[in-house]
1. For the range 86-104: of the residues being surrounded by fewer than 18 Cβ atoms within 10 Å (Cβ to Cβ) and either in contact with a His (Cβ under 6 Å, 6 or more places away or on another chain) or assigned to a helix (DSSP H, G or I) (or both), which is modelled with the highest pLDDT?
2. Within the set of pairs 6 or more residues apart or between chains, which connect a residue that is in a helix (DSSP H, G or I) inside the range 299-323 to a residue that is of a type in the set (Val, Ile, Thr) with Cβ atoms less than 9 Å apart?
3. Looking at the range 191-218, which of the residues that are surrounded by fewer than 12 Cβ atoms within 10 Å (Cβ to Cβ) and at pLDDT below 60 is nearest to residue 142 (Cα to Cα)?
4. Does the range 276-302 hold any residues that are crowded, with 22+ Cβ neighbours inside 10 Å and more than 23 Å from residue 344 (Cβ to Cβ), and which are they?
5. Kindly state which strands (runs of 3 or more DSSP E) lie completely within the range 39-84 and contain at least 1 residues that are in contact (Cβ under 8 Å) with a residue 12 or more places away in the chain and closer than 16 Å to residue 140 by Cα.
6. Could you tell me whether residue 282 is farther than 30 Å from residue 320 by Cβ and either touching a helix residue (DSSP H, G or I) at 6+ places or on another chain (Cβ under 8 Å) or not in a helix (DSSP H, G or I) (or both)?
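The values are calculated or read from the model by the stated rules, or taken from the named source; none is laboratory data. It should be emphasised that the depicted structure is a prediction, and the values quoted were computed from it without experimental measurement. Every residue, glycine among them, receives a Cβ derived from its backbone with ideal geometry; neighbour counts consider all protein chains shown.
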Amino acid sequence: MKMKILILLVSIVFSLSSVEVFLRLSNSKYRYAAEAIRKIDQNRLFSRVRNSEIQFKSPDTEQLHKVHYNNYGLRSSSDIDIKNLNSKNIIGIFGDSFVENLRLPEKETVSHLLTNKIHTTEKAILALNMGVEGYGTDQAYLYYRDSLLTKHINHAWYFFYHNDVKDVRDNQLLYWKENKLQSSLAREFPSWKKWASKLYLTYLVLDFYHRFVFIQDLKFYFSKYTYNTFQPLISPEGHQKRMSNREKDKDIVPDVKTKSLIQNIIKEWEKLAKKNGAEFKIIVLPDEKTDKYARDIFKDFSGVIYLRPDFLQKYPKGNIDWAFKKDLHWNKDGNELAAEILSKVID
């Protein structure tokens, strides 16, 4: 009996190992998720690794392009010499996947396009891509608060997207107590999850579950413990489906507590930026839901830029023209238009 059990276990291990090897050798779509370079951060759930590089596939063309992270962990192929920053007008762009924009080459990201549009010999402008896929209002604020580059930023811009509400609610990284914003340290991941996150098999199982099992409650994917390990789930097909499910998630509607917390985070961000001598602005992404949420949450704030009117003026059909066909994120045209609109803010 013991021998049969041993043979069974060996057979299972061998079979799983064979599938893992096959997935790794077959240019699997799970490569990005398994090989993504992230590190656990003391205050945030995770941050990017300095001097690293990954490959990402564009949703529509399926062409691979390289994504570089420089000596400060920003998405950029150029390292930063902090001594030279004082001679430039620095824009720090914070937000999630719409800012980091892994789906396009670096030269087509909004930060790169913005720098090229307004940088002249008279205006030494540099827009820093400080976006991280998966960040909400809370982690974006913590990034600004803790970054070594913060003191050199003249304009701090936060890109708001409606799923930031859910991220703030679920992450529970910040809370308001005794009339001040307080931080709860991000918890360390169990060793088994770190190990599992590196296996292609993990994402094959999640992909199967995600495709064939109806999911109403997405908390598993976005909980504090699992978010870093299993996000993004797969790319780009799984990401698109995951985003579609998030669109349908009724729990995303801002509740009073989360709305108040976001407002307090923004107030603290404004105060900190002012203390650092920087101008703070909220850039509201152009989709209808985000615009609606922002006009409610940020109605008492100044310095809010709503992109939707200008986007609809140029693209009356909506995001069918400014987003990928297979993904909700901006395509090159969306980034171009955003950079064009925001270049006038600096002027």
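1. Top of the filtered list is 86.
2. Listed by first residue and then by second, the contacts come to 308/284; 308/290; 310/341; 311/341.
3. Only one residue tops the list, namely 217.
4. 293, 297
5. Passing ranges, in order: 46-48.
6. In short, no.
Okay, residues lined up against (1) modelled with pLDDT under 85; (2) within 28 Å of residue 167 (Cα to Cα); (3) under 16 Å from the mean Cα position of the chain (by Cα):
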| position | (1), (2), (3) |
| --- | --- |
| 33 | yes, yes, yes |
| 39 | yes, yes, yes |
| 42 | yes, yes, no |
| 46 | yes, yes, yes |
| 49 | no, yes, yes |
| 64 | no, no, no |
| 73 | no, yes, yes |
| 76 | no, yes, yes |
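For (1) in contact with a Lys or Arg (Cβ under 8 Å, 6 or more places away or on another chain); (2) at pLDDT 90 or above, each residue gets a yes or a no:
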{"position": "131", "(1), (2)": "yes, yes"}
{"position": "140", "(1), (2)": "no, yes"}
{"position": "145", "(1), (2)": "no, yes"}
{"position": "189", "(1), (2)": "no, no"}
